[in-house]
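The values are calculated or read from the model by the stated rules, or taken from the named source; none is laboratory data. Note that the structure is a prediction, hence the values are computed from the model and not measured. All Cβ positions, even for glycine, are placed from backbone atoms using ideal geometry, and neighbour counts span all protein chains on display.
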Amino acid sequence: MIAIIQYNAGNIRSVQNALRRLGCESIVTDVPEEIRGADKVIFPGVGEAGTAMQYLRDRGLDEVICSLRQPVLGICLGLQLMCTHSEEGDTSCLGIFDAAVRRFPPGEKVPHIGWNNFSHIGGRLLSGIPAEADCYYVHSYYAERCNDTSAVCDYILPFSAGLEKDNFFALQFHPEKSAATGEKILQNFLAL
Amino acid sequence: MLKKRIIPCLDIRDGRTVKGVNFVNIRDAGDAVELAKRYALEGADELVFLDITATVENRKTLLTLVEKVAAEINIPFTVGGGINSVADVSALIQAGADKISINSAAVKNPALIRELAGEFGSQCVVLAIDARLESDGWKVYVHGGRTPTPLYALDWAAEAERLGAGEILLTSMNHDGAKTGFALDITQAVAQQLSIPVIASGGAGRKEDFKIVFEKTEASAALAAGIFHFGEISIQEVKQYLRSQNIPVR
């Protein structure tokens, strides 16, 4: 069973819908035992970093997420919350990936909204995805590049489109909204 | 590289897609979910659903339609029409909408933009502006283009950005349905002044119109309805053409 972590960030339903289209049932839950007992965990989210972290801390979910040993996939805000710190609301995050989250400097339109490609650096999740494949992004903050970076997207500056460390995986773009390419990536995750 | 987006817009009335010319003379264009699925398969980058009767008849956008669309399609979509409150938006997001667009309610109560951005994030809040060129400039209309306001489109767009809107969907009422190309001057004026993305809307008739709007303005996306619904031109055709003209598309 796949557990999708329920918290005060939108877009959770679309992850469940995407998994269902791939023939995979999931539960949306904020119950620590259900999350710990799942085969795989997805940590989605669109929203504001500070309020989201507060929600997780209030329920002890911050410690639950960090202690997970099964494959975990953070998406968008989920990726950012898995980093060390976010400039959004000056928020201390989970610190799974050794990267800071910053606001895009001026230069192009912000939020970065739309379809963009990435260069794959390493890791398992994005293997087999061609470099010209586009995925859907919508964000105003980005994770810096670090040793855990598995893919880089270039918009205003190069940033981490993907992060990977041990059992933790994260994507800045939305695979659940990225048409056939996104479905392939979700299938890669389900096959881990 | 970030791609220019092509966004079919589905005007919804009673769960059906409809399309008018200059906001009137509405024609039926089919089942909304089927059309949405077709567009997603054809390579649409996003979809916009506007419940065109919601504001006028004080009706809420059909949540069941949103749920069906969210279950079926694998690209992002925006829902607008009749949204007045945080509760309205919350229901739409819960039903599976990625973004919402607000128009008349934001003109009436600009603080709603800030409230929604604070609650759901700016990326979720699209401000739709229906603009019409008058003797003293581009003015904002509300209630589906029926009611004039004293606002200038450029000022209102800038104010919306300041309040936390994440995108502007700018429709020229003069061009809507006329198939003579997008309103380049006001689109560029807004896109140039604002730092958030602008979606050009109203007037697409030929594939060349998309090239022109992306070459002559800094619009991030272009929206069209009628030409796609009635099969006059396909999304693939538009994208193939743009690619051949070195405009980056997915």
Only listed residue being farther than 25 Å from B:Ala191 by Cβ and away from chain B (no Cβ under 13 Å), chosen from A:Leu125, A:Leu186: A:Leu125
Residues that are surrounded by fewer than 21 Cβ atoms within 10 Å (Cβ to Cβ) and of a type in the set (Val, Ile, Thr), drawn from region B:189-226: B:Ile212
Region A:113-127 - residue that is assigned to a loop (DSSP other than H, G, I, E, B) and not β-branched (Val, Ile, Thr) and, of those, nearest to A:Lys40 (Cα to Cα): A:Leu125
Failed condition for A:Gly107, given (1) of a type outside the set (Asp, Glu); (2) assigned to a loop (DSSP other than H, G, I, E, B); (3) away from chain B (no Cβ under 14 Å): (3)
Search result, residues across region B:83-95 that are part of a loop (DSSP other than H, G, I, E, B) and surrounded by fewer than 23 Cβ atoms within 10 Å (Cβ to Cβ): B:Asn84, B:Ser85
A:Ala133 vs. criteria more than 24 Å from A:Ser86 (Cβ to Cβ) and of a type in the set (A, V, I, L, M): yes
Residue satisfying all of: in region B:39-64; part of a helix (DSSP H, G or I) and at pLDDT 90 or above; surrounded by the most Cβ atoms within 10 Å (Cβ to Cβ) among these: B:Tyr39
Output for region A:41-100, where each listed residue is within 14 Å of another protein chain (Cβ to nearest Cβ), farther than 23 Å from A:Gly182 by Cβ and assigned to a loop (DSSP other than H, G, I, E, B): A:Glu48, A:Glu88, A:Gly89
A:Ala143 vs. criteria farther than 26 Å from B:Ile168 by Cβ, more than 10 Å from every other protein chain (Cβ to nearest Cβ) and touching a Leu at 6+ places or on another chain (Cβ under 9 Å): yes
Condition met for B:Ala225 (in contact with a Ser or Thr (Cβ under 8 Å, 6 or more places away or on another chain) and closer than 15 Å to B:Ser172 by Cα): no
Filtered residues of region B:209-227 (kept if assigned to a loop (DSSP other than H, G, I, E, B) and farther than 19 Å from B:Asn246 by Cα): B:Ala225
Check on A:Glu132, among the charged types (D, E, K, R), without any contact (Cβ under 8 Å) to a residue 24 or more places away in the chain and surrounded by fewer than 19 Cβ atoms within 10 Å (Cβ to Cβ): yes
Given (1) over 13 Å from the mean Cα position of the chain (by Cα); (2) modelled with pLDDT of 95 or more, index of the condition B:Phe230 fails: (2)
Evaluation of A:Gly182 against (1) farther than 26 Å from A:Gln70 by Cα; (2) touching a helix residue (DSSP H, G or I) at 6+ places or on another chain (Cβ under 8 Å) (one fails), failing number: (1)
Output for region A:158-177, where each listed residue is free of Cβ contacts under 8 Å to residues at least 60 places away in the same chain and not in a strand (DSSP E or B): A:Asp166
Hits in region A:3-40 - residues which are surrounded by 20 or more Cβ atoms within 10 Å (Cβ to Cβ), within 20 Å of A:Leu81 (Cα to Cα) and either more than 13 Å from chain B (Cβ to nearest Cβ) or over 17 Å from the mean Cα position of the chain (by Cα) (or both): A:Ala3, A:Ile4, A:Ile5, A:Tyr7, A:Ile35, A:Lys40
Residue count for region B:75-92, restricted to those that are under 16 Å from B:Glu46 (Cβ atoms) and within 14 Å of chain A (Cβ to nearest Cβ): 6
Elements of type strands (runs of 3 or more DSSP E) in region B:102-208, at least 2 residues being more than 14 Å from every other protein chain (Cβ to nearest Cβ) and on the phi < 0 side of the Ramachandran plot: B:125-134, B:137-142, B:147-152, B:167-172
